[in-house]
Structures are given as C-alpha cells and as structure tokens.
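S.K.: Sharing a structure, written as structure tokens. Questions coming.
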Amino acid sequence: MASVPTSTTRRRLPLVGRRAFQFVTALNVFALSLIVVSGGVVRLSGSGLGCPTWPQCGDGSFTPHSEYALHGAIEFGNRVVGLVVGAVVLITPIMALRLRSGRRRDLTLLSFGLWLGYLGQAVLGGITVLTKLNPVTVAAHFLLSMVLLWNAVVLDRRARQGAGPVTPAVAPALLWLARLLVVVSAGVLVLGTVVTGTGPHSGDSEHPARFGFDIVNVSQLHADGAMLLTGLVAAMAFAVRITAAPAAARRGSLALVAVVIAQAGLGFAQYFLGVPCGLVALHMTGATIMWVVALRLWLAMVARPALATAAGAKVTDDAPAEHATPFTAPPAQPAPPAVPGSPSAPAAPQPVGAPRP
C-alpha cells in the first residue's frame, strides 16, 4: 500500500550539478564586478544622494520620487543591481550545500563568505548615505567590494578543482612574485581611492566632502605605485616563459600586461585632461578587471587535484605548458672511480688471518 504524504513531510532541495554550480560562481564574479561599475556611475554623475534615505528612496517610498529626477533614477538603478547581486550571492551557499558530488568544506565556507560580505556591504552602503558620502566610507565601500571579488574569484577557481592539498605549480621564486604582485595591486587600489576621494568627483555636488590632501601629491604617489606594478607585471610575463608554468598562468600574464598598459594610459590621460567623468569611469572599470586578472594569475601558480567528470576523466588546467623548462634540481652525478692509493679509495680486502696495517 503506497504511503500517503502528510503535511509534516519535509521536501529536500534538489541536488545541484557541478556545471550549474560553476555557472553561479562565475556569475558571482561578473555581478560583483558590475556593481562596482554601477557604483562608480552613481558617484561620477553626482547621484550619490539621489535617494536621500536608506533603504527607502525618500520618505515612505522605495522608488525615487519625481523631484529627485535623473539622480534618483541612477541611484535607484544601482540599488536594483545590488538586489540582483544579493539574489546570486544568496543562492550560492545553498547550492554549495546541495552539490551532487558531495559537500565540500572549502566551497561552503567561501560561499558563506560572500553572504557575510554582501550583508556588510548593505550596512556600509547605508552608513555612506547617512554620512553624506564621507570619503572614508565611500573608499571603504569600494575596497570591501574588492575583498568580495577576491572571495568570488577564489570560489570560482576552487569550484573547477578537486578537493585535496595544494601543491606549487611553479618555482618558489615565481610563486612569491605572484603574491607580491597581488599585494602591490591591492596597494594601487587603495591609493586610487585616496586620489578619487581628493579629486573633484565627490558623488554629490551639494555635499562635496573630500580628503584634505594635495591632489598633485596623491596622484604622483598613485602613479609611482602603478609604475612599480607595471615592472612586476613585465617581470612576471617574462618569468612564466622561461620557466615551467601552467598555461593559465601564461595566458593570465599576457592579459594582465594588456590591462595594466591600458590603465596607465587612461590614468595619465584623465590627469592631463582635467579628470573627465568618462575616463574616470573607464579607469575604475579597468581597475576592477585588473584586480580579477591579478587574482586569477596568482591562483594559477598552484595546483590542486583534478576534478573528476561523470565519465571518470580528470579536468584541470594546472598542467605546465608544452616546451617549458621545468624547474627541477639537477640529477645526482655518479661518483668518479677512486684512484688506488688515494685517501678516498676503498681499502683492499685482507686475507683471513692476515695482520692488519
């Protein structure tokens, strides 16, 4: 006799396939990059206070009032993008808990890390509005987005690898160069927020709260950091071609060279042209792309077990590229034959009973 389902029967969520989860992790990277760009548009258009209250956009309404006109629509649009990002971030840990291939601790923790970071962004966004776009909170809002992007990029990479210990895929010196490159990239991003917080684009023309630094000095400091980063990127692009390195690292180094060169051109152009909004928006977009590419390059320097497919095959992109010179210790050379009578020569066997020397 078939059992009759009762109201107390729990319906478990369906299991999630590997490809579906990988799609969502990649979507997180895209969505979190998009919210950075849309936030930049809000600031550059002077729409930071287009919705003067938070989470509502004006007293008693979550949509912009007609008196807020274009600025309110731009700020409201940014909040809509934020809600879409929140939906993607929300389903990510749920999917991580329901993976068909089995729950993995690293994927679960990274997924919930996105969740916590998004909640932090929502709170910090409200504080930014309440403080009338104080440059400190605006800079913190942007930098927290970069931390969330780091989390998302690492999660997306891990979702395409198997569980297990990490092993270096390059020489130790090259691995440290990749780490230094990420640290310097983060420093350039921080200096960029200082320049933006000192420059003319405050986010709202009626409340121009700015840092009290000299724009020439902070711009020069930011340019110095960018030059250091350019040198490290050039060294990386050369090093991955003369040593054994994964194909993903070689591709990533070329992509980073292109992005850094474009960023340098945009930075100098916007400085000498009086910091026009269009170039600043492109520069901010390039900074986001640069951060993602630098993180992917760093992650390509280490390998993890391959991810098994349904057919039993192994999927990985950690293998070194062909025709690479592997970084291995030279093989041990056989010892030369000893000359009879030399101190290193083995003693000749003595007959039994013969006196020892």
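S.K.: Go through (1) modelled with pLDDT under 90; (2) in a helix (DSSP H, G or I) one by one and return the number of the condition LEU256 breaks.
M.R.: Of everything listed in (1) modelled with pLDDT under 90; (2) in a helix (DSSP H, G or I), LEU256 misses just condition (1).
S.K.: Select from region 87-130 the residues that are open to solvent by 60 Å² or more (accessible area, probe 1.4 Å) and either over 21 Å from the mean Cα position of the chain (by Cα) or among the basic types (Lys, Arg) (or both) and list them in ascending order.
M.R.: Looking only at region 87-130, we keep the residues that are open to solvent by 60 Å² or more (accessible area, probe 1.4 Å), and these are 90-91, 94, 100-101, 103, 105, 109, 112, 115-116, 119, 123, 127, 130.
Scanning region 87-130 gives ILE94, ARG100, SER101, ARG103, ARG105, VAL123, ILE127, LEU130.
S.K.: Let me ask something additional. I need a count of the residues in region 121-137 that are modelled with pLDDT under 85 and either assigned to a helix (DSSP H, G or I) or over 12 Å from GLY39 (Cβ atoms) (or both).
M.R.: Kept after step one, since they are modelled with pLDDT under 85, are these residues of region 121-137: 125-126, 128-135.
Narrowing the set further to residues that are either assigned to a helix (DSSP H, G or I) or over 12 Å from GLY39 (Cβ atoms) (or both) leaves 125-126, 128-132, 134-135.
Residues meeting the conditions: 9.
S.K.: Within region 259-289, can you find the residues that are more than 24 Å from ALA178 (Cβ to Cβ), of a type in the set (Val, Ile, Thr) and in a helix (DSSP H, G or I)?
M.R.: VAL280
S.K.: Quick one: is ARG179 open to solvent by 20 Å² or more (accessible area, probe 1.4 Å), under 14 Å from ARG304 (Cβ atoms) and within 18 Å of the chain's Cα centre (by Cα)?
M.R.: Details: open to solvent by 20 Å² or more (accessible area, probe 1.4 Å): yes; under 14 Å from ARG304 (Cβ atoms): no; within 18 Å of the chain's Cα centre (by Cα): yes.
Taking the combined requirement at face value, the residue does not satisfy it.
S.K.: Follow-up question, since we're still on this one. Tell me, yes or no, whether region 145-162 has at least one residue that is over 21 Å from PHE23 (Cα atoms) and either touching a residue at least 40 places away in the same chain (Cβ under 8 Å) or surrounded by fewer than 17 Cβ atoms within 10 Å (Cβ to Cβ) (or both).
M.R.: Of the residues in region 145-162, the ones over 21 Å from PHE23 (Cα atoms) are none.
Within region 145-162, none of the residues are over 21 Å from PHE23 (Cα atoms) and either touching a residue at least 40 places away in the same chain (Cβ under 8 Å) or surrounded by fewer than 17 Cβ atoms within 10 Å (Cβ to Cβ) (or both).
S.K.: How many residues, within region 76-86, are among the small types (Gly, Ala, Ser) and within 20 Å of the chain's Cα centre (by Cα)?
M.R.: As a first pass, look at region 76-86 and keep what is among the small types (Gly, Ala, Ser): 77, 82, 86.
Among the residues that remain, those that are also within 20 Å of the chain's Cα centre (by Cα) are: 82, 86.
Number satisfying all stated conditions: 2.
S.K.: Return yes or no: is ARG210 surrounded by fewer than 21 Cβ atoms within 10 Å (Cβ to Cβ) and under 18 Å from MET146 (Cβ atoms)? Before the answer, list the steps.
M.R.: Values: surrounded by fewer than 21 Cβ atoms within 10 Å (Cβ to Cβ): yes; under 18 Å from MET146 (Cβ atoms): no.
So ARG210 does not fit the description; no.
The values are calculated or read from the model by the stated rules, or taken from the named source; none is laboratory data. Everything numeric here is computed off the predicted structure, so don't read it as measured data. Note: ideal-geometry Cβ built from the backbone for every residue, glycine included; neighbour counts use all protein chains shown. Heavy atoms of the whole protein, side chains included, go into the accessibility calculation; ligands, DNA and RNA do not. Shrake-Rupley method; radii C 1.70, N 1.55, O 1.52, S 1.80 Å.
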